[in-house]
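Below is one structure, written out as structure tokens, with a few remarks after it.
Coordinate-derived values only; no laboratory data. All of these numbers come straight from a predicted model, not from anything done at the bench. Neighbour counts run over all protein chains shown; Cβ positions are idealised from the backbone, glycine included.
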Amino acid sequence: MLLSTDFYTRSDVTLVARELVGKVLFSNIDGKLTAGIITETEAYCGRDDKACHANNNLRTKRTDIMYQNGGLAYIYLCYGIHHLFNVVTNIQGLADAVLIRGLYPFEGIAEMKQRRKTSFDNLCNGPGKLTKALGITTHFNKTNLLEKTIWIEDHGIKIKPDELNISKRIGVEYAGEDADKLWRFYVDSVSL
DNA sequence: CTAACGATTCGCT
DNA sequence: GCGAATCGTTAGT
């Protein structure tokens, strides 16, 4: 079932990040349907989180998307090379987002292999890798996740509490004490 | 206009 | 483990 606006607009971005693990991210791009079960996420908050692009309510042309109502895609270019995919959460005016960092390939695996030119285990095990596997680029920034271009479904996959790992976020050492926030959620494996 | 710098990945040592 | 690749965003002149 397609995730609704109500799922995304909740006020606790860490809760949304936690619950996105186990959901299924789809894309229908260039006529190819691809999907993966979300295995890793990170939460970013526009208030009191120096790791967030919209920290201290910084509002620029780039971060404006994060201030919109939850349920939109925030996709940006990282290191000039990698397209990173985020889900905008919270209500309009409060800039929160969840970075999708890993997937377990689920559908369109042949197409993913063609896009990535690598083996199954390495198709989507990284934030820059999964966007390439799914054909997601900054061209799709601000896409509405309720439309069937990029969307997320609940397939009833349950993550047991003891299967969900929690840690510091990756690659945000520049954020000072906020780098210590335990806002990364991931599973080591998925059971279908 | 200029300069610094990334929410990463890959290949080589 | 280390460094290059590569370019849009941001802040400051």
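Summary table
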read-out	value
A:Glu42 under 27 Å from A:Ile159 (Cβ atoms), more than 10 Å from DNA strand B (Cβ to nearest atom), touching a Lys or Arg at 6+ places or on another chain (Cβ under 8 Å) and touching a residue at least 60 places away in the same chain (Cβ under 8 Å)	no
Residue count, region A:141-187 (criterion: farther than 24 Å from A:Ala51 by Cβ and without any contact (Cβ under 8 Å) to a residue 40 or more places away in the chain)	6
Residue check, A:Lys142 touching a strand residue (DSSP E or B) at 6+ places or on another chain (Cβ under 8 Å), part of a loop (DSSP other than H, G, I, E, B) and closer than 19 Å to A:Tyr44 by Cα	yes
Among (1) among the hydrophobic types (A, V, I, L, M, F, W, C); (2) closer than 18 Å to A:Leu3 by Cα; (3) more than 10 Å from DNA strand B (Cβ to nearest atom), the one test that A:Ile29 misses	(2)
Criterion: more than 16 Å from DNA strand C (Cβ to nearest atom) and charged (D, E, K, R) - qualifying residue of A:Arg62, A:Arg115	A:Arg115
Flag if A:Ala54 is touching a Gly at 6+ places or on another chain (Cβ under 7 Å) and free of Cβ contacts under 8 Å to residues at least 60 places away in the same chain	yes
The lone exception for A:Asn69 - which of (1) among the polar types (S, T, N, Q); (2) crowded, with 21+ Cβ neighbours inside 10 Å; (3) more than 16 Å from DNA strand C (Cβ to nearest atom) it fails	(2)
Candidates A:Asn57, A:Asn86, filtered to the one that is exposed (fewer than 15 other Cβ atoms within 10 Å of the Cβ) and within 15 Å of DNA strand C (Cβ to nearest atom)	A:Asn57
Candidate set: region A:89-112, residues that are farther than 20 Å from A:Arg47 by Cα, small (Gly, Ala, Ser) and more than 9 Å from DNA strand B (Cβ to nearest atom); chosen: the one surrounded by the fewest Cβ atoms within 10 Å (Cβ to Cβ)	A:Ala110
Within region A:22-54, tally of residues that are of a type in the set (A, V, I, L, M) and within 16 Å of DNA strand C (Cβ to nearest atom)	2
When residues of region A:66-117 are limited to those that are touching a Cys at 6+ places or on another chain (Cβ under 8 Å), in a strand (DSSP E or B) and not aromatic (Phe, Trp, Tyr), the one farthest from A:His53 (Cα to Cα)	A:Pro105
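So that you can scan it fast, the table gives a plain yes or no per residue for (1) over 21 Å from A:Val13 (Cα atoms); (2) among the hydrophobic types (A, V, I, L, M, F, W, C):
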residue: A:Gly102; (1), (2): no, no
residue: A:Lys113; (1), (2): yes, no
residue: A:Pro127; (1), (2): no, no
residue: A:His139; (1), (2): yes, no
residue: A:Leu146; (1), (2): no, yes
residue: A:Lys160; (1), (2): no, no
residue: A:Lys168; (1), (2): no, no
residue: A:Glu177; (1), (2): no, no
residue: A:Val187; (1), (2): no, yes
